[in-house]
Amino acid sequence: MTNMDFYNIAKKATRGTMFFTIASLALSLVQCTSKHQVTTSVAANNPDKGLKDYYKNYFPIGVAVSMASLHGSDSALIVKEFNSVTPENDMKMGPIHPSENVYNWKNADAIVDFAVSHQIRIRGHNLCWHNQEAAWMFKGPNGEPVTKELLLQRLKDHIFAVAGRYKGKIYAWDVVNEAVDDSDDTTQVYRKSNWYKICNGPDFIDSAFKYAHQADPNAKLYYNDYNSEHPVKREKIYKLLKKLIDDHAPIDGVGMQAHWKLNDPSPEELRKALDEVTSLGLKVQFTEMDITIRLPKPPPALGTMPAPTPVPDSGYTAQAEARQIAQYKMAFDIIRQYRKYITNVTFWNVSDRSSWLDGRGGGLLGGAAAGVNTPRVIRKAYPLLFDENRQRKKAYWAVVNF
Ligand code: XIL
């Protein structure tokens, strides 16, 4: 209701001076409050403050980092804006443990040292995933398919080595990443990964949580996945979480990756996903947030899937920018309302100069996180709060002015 509406309703409601005086008083209060809000917003545009400062009474704000971002021009921005980091690739099974007796600690150690020296907290990502996997784990000593027992032993050794090394330094781990199936078939709860197939079911998920808790009893343990607001996948994730809780697995919360689009999720979907997960007594972290400006093209009729054709890049248009600002604002308005459940919001990459989304599908299919049947012919995703020159975008101000 605008001030004028309020004024008119008050005038119509009574001709008595008494009410009118009260209404006028109330109106000046409304005007006073909105003036105050304007002042607050202007004050909030303070170049000395970073995202972490605006959100200091809410939750830590993080960013995915690589060696390049630590040593290049991003590092000052990281220190200024964020108080949590997640190694983008350097702690994943394949990169950190490429063969049985080889661990690549160099990059992971450097990220941990950087964060510790700047008093930035660290999320570990991740201890078990079907991508960027350590392929050697799936083969037995003589090249035969590994047995379930040996695979779980290797998982345990891996988790003890990695979570053990950073014990006390990593405050939260994505223990298992993306173990839920993407299809619309509601009976297929679990992704048919090597882990699932060799273990003949989802027990490896329970085991991974158990090992992580043994390796570092103080670390907070998360199950992490994408499209967690989509109704079908949401229900599958719920089933997995319910099972873990029923099994007494040491799980603290859910990572919602938040690789979002301009029209996805809707506010209702976001709230529903949060309500469901928090009803289980779990915390939530938004672990990999970005909002691509690229909308998926509608899928072609079955069987006629064309090869993607390159089209000119429309760039960061004013319309896309406006929609992105609105989507970021909507998401953070809701996220702040759920603050008592939310323990971290992390962006996946630093600025639009370089996003993991830009390169997907060799540049032909990039620009949005994977989904079923979403062929895309797109270029840069422009998904973050800082532009290609590392400057704050309008979406940044929409996120911090509240
Ligand atoms: C991505 C990285 O950003 C890329 O650099 C890498 O090539 C592939 O993985 N979900 C996850 C992240 O959990 O680990 C992925 O990170 C993005 C999707």
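What follows is calculated from the coordinates using simple rules that are stated; it is not laboratory data. Bear in mind the structure is a predicted one, so any value in this text is a computation, not a measurement. When we count neighbours, we look across all protein chains shown, and the Cβ atoms used for this are built from the backbone with ideal geometry, even at glycine.
Quick look at the values:
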quantity: Residue-count net charge about residue 276 - beta-carbon cut-off 15 Å; Lys, Arg +1, Asp, Glu -1; calculated: +3
quantity: Cα-based Lys proximity count in segment 143-197, under 16 Å, for pairs eight or more positions apart or on separate chains; calculated: 4
quantity: Gain on full stretching of the segment that runs from residue 76 to residue 167 - 0.36 nm per residue minus C-alpha separation; calculated: 30.1 nm
quantity: Cα centre as origin, Lys/Arg/Asp/Glu Cβ charges: segment 40-400 dipole, Debye; calculated: 560 debye
quantity: Farthest toward positive dipole pole in segment 106-263 [+1 Lys/Arg, -1 Asp/Glu at C-beta], among 134, 241, 173; calculated: 173
quantity: Convex hull volume per residue in cubic angstrom - Cα atoms of segment 40-400; calculated: 146 Å³
quantity: Ordering of 278-287, 133-142 by burial proxy (mean other Cβ atoms within 10 Å per residue, highest first); calculated: 278-287, 133-142
quantity: Between segment 175-242 and segment 107-155, the alpha-carbon center distance in angstrom; calculated: 16 Å
